[in-house]
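Take a look at the structure below.
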């Protein structure tokens, strides 16, 4: 079998048909869609049953107790038959040629991972386009697992963390560190439906500390690789990008009562790993504006960096 597409499902009856329509219509042949109901209390299972009845050669229905997106994906990984594995969130959708074109590149280039462009679609009608071809390093691409096709042999025994935010970042980083051949396609195949309650649009400040847990898991994983020392610069870069830049800025914009405490804990973690910004090779990989914001955040001046970012948005 060429491709296995894994779809975890929880409380998405409103969006699931559009997602599954885009998958059963894929132009690739010899593929499977593993749809995992993660204990969803709504009508999602009725919808899954309908699609598995209409497309028995494509749709495989799996049911489990609620354990989170990571555990649902892991369940499907145990039985996936595809040479390559793709992941789709159940409130998103994809272009019908996505997996045919990505699989074709994977086979032609003997790729471990193929990355495509993706679009975020917001409920106010706005969109953001992510171009996978402009990044200088594979670690700069979006950490989403969904705009990527992974060789199943590359995944091996690696699994998603359960019950945490940022499990995509953890899984994708481990894959990137193991891959020797990564290819990209400059086409926006993957469409992400950005809902107000999603991880990136949620004001639960303490849950953002999951990023620290994920980074620690990545650090531990690096120690299992043949040459862990060569990943030191990459790890420092990831700490700065995903904690000092992205997550702290996100939490600083929230109004949660534990915001200050959460930010201080994040800063303690950053400083344990990066005692000096100026001496950190990863820090100098960012552009000037990013370095300024990181410098301010590093020294606890995140209110100032927040104001600068707000001014930049208005300009």
Q. Across segment 70-96, which residue is surrounded by the fewest Cβ atoms within 10 Å (Cβ to Cβ) among those that are under 16 Å from the mean Cα position of the chain (by Cα) and assigned to a loop (DSSP other than H, G, I, E, B)?
A. 91
Q: Tell me, please, whether a residue that is surrounded by 16 or more Cβ atoms within 10 Å (Cβ to Cβ), touching a residue at least 12 places away in the same chain (Cβ under 8 Å) and more than 30 Å from residue 131 (Cβ to Cβ) can be found in segment 100-109.
A: no
Q: Tell me which residues, restricted to segment 140-171, are out of contact with any strand residue (DSSP E or B) (no Cβ under 7 Å at 6 or more places or on another chain), surrounded by 21 or more Cβ atoms within 10 Å (Cβ to Cβ) and not in a loop (DSSP other than H, G, I, E, B).
A: 167, 168, 169, 170, 171
Q) Pick from 132, 111, 106: which is in the same structural domain as residue 24 (by TED's automatic domain parsing) and within 19 Å of the chain's Cα centre (by Cα)? A) 132
Q: Starting from segment 9-27, keep only residues that are closer than 17 Å to residue 49 by Cβ and in the same structural domain as residue 86 (by TED's automatic domain parsing), then list their pairs with residues that are at pLDDT below 95 and surrounded by 16 or more Cβ atoms within 10 Å (Cβ to Cβ) whose Cβ atoms are within a distance under 8 Å, requiring at least 6 positions of separation or different chains.
A: none
Q: Please state which of the following conditions residue 230 fails to meet, knowing it meets all the rest: (1) surrounded by fewer than 18 Cβ atoms within 10 Å (Cβ to Cβ); (2) part of a helix (DSSP H, G or I); (3) at pLDDT 95 or above; (4) over 22 Å from the mean Cα position of the chain (by Cα).
A: (3)
Q) Does residue 262 count as within 23 Å of residue 139 (Cβ to Cβ) and either assigned to a helix (DSSP H, G or I) or more than 22 Å from the chain's Cα centre (by Cα) (or both)? A) no
Q: Would you check if there is a residue in segment 38-58 being surrounded by 19 or more Cβ atoms within 10 Å (Cβ to Cβ), under 19 Å from the mean Cα position of the chain (by Cα) and part of a strand (DSSP E or B)?
A: yes
Q) Does segment 297-315 contain at least one residue that is assigned to a helix (DSSP H, G or I), more than 22 Å from residue 208 (Cα to Cα) and at pLDDT 90 or above? A) no
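The values are calculated or read from the model by the stated rules, or taken from the named source; none is laboratory data. Every value quoted in this text rests on a predicted model; they were computed, and no experiment measured them. In this analysis, Cβ positions are derived from the backbone assuming ideal geometry, glycine residues included, and neighbour counts consider all displayed protein chains.
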